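Right, one structure below, let's go through it.
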Amino acid sequence: MALRRTQGGIAGLVKIPVSIATVLILLLFSALTALAQVQTRVRMIEASNTGSTIDPSLGDVHGQLGSLFSFTSYRLLRDENLHLLADRPAEISTAHKGISLEITLMRQQREMAEFRVKIRRERMDILNTQVRLSPGRTVLIGGPKHGESIIILAISARF
């Protein structure tokens, strides 16, 4: 059996594996990006003008709460640590008048993560917004009324 010499020689043989390697690297990068998790902390806070108690666990956001909202009392209702994947919503239910929260990681880049935040009461959206967070930062979102008080969300992320 005679071997036939091609015009590409060894260079022609190298092109095929390099192309395959490039495709494999791109697929691996896409898979790793898709599997990237963002550690997200969501706190539901009840704010009211009844009393003057500040929940000790809210010490890290107490200054922000006071500068944005004019309430005298802040009580932590829920504190959830979530590992969010892109486009996979997580839901947090509460026993408070049928209020639930849905948070979805929309996208994550090196220094920014974007989330969609929905608050529902009895299956109806009462808040639907998007927020962008830098790593280690906290955003506060004033939410729905809860009797004589309101619910405030404190959302932070690490990535």
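The values are calculated or read from the model by the stated rules, or taken from the named source; none is laboratory data. Computed from a predicted structure; not experimentally measured. Neighbour counts run over all protein chains shown; Cβ positions are idealised from the backbone, glycine included.
Over 10 Å from the mean Cα position of the chain (by Cα) and modelled with pLDDT of 95 or more: is that true of T94 in this structure? No; evaluated as a whole, the condition is false for this residue.
Quick check: is even one residue across the range 79-98 assigned to a strand (DSSP E or B), surrounded by 13 or more Cβ atoms within 10 Å (Cβ to Cβ) and touching a Gly at 6+ places or on another chain (Cβ under 7 Å)? No, the range 79-98 has no match at all.
Taking I126 as the residue in question, decide whether it is loosely packed, with under 14 Cβ neighbours inside 10 Å, part of a strand (DSSP E or B) and touching a strand residue (DSSP E or B) at 6+ places or on another chain (Cβ under 6 Å).
Values: loosely packed, with under 14 Cβ neighbours inside 10 Å: yes; part of a strand (DSSP E or B): yes; touching a strand residue (DSSP E or B) at 6+ places or on another chain (Cβ under 6 Å): yes.
In short, yes.
Sub-9 Å Cβ pairs linking a first residue in the range 95-124 that is under 27 Å from G136 (Cβ atoms) to a second residue that is of a type in the set (F, W, Y), at least 6 apart or interchain, are I103/F115; T104/F115; L105/F115; M106/F115; Q108/F159; R110/F159; A113/F159, ordered by first then second residue.
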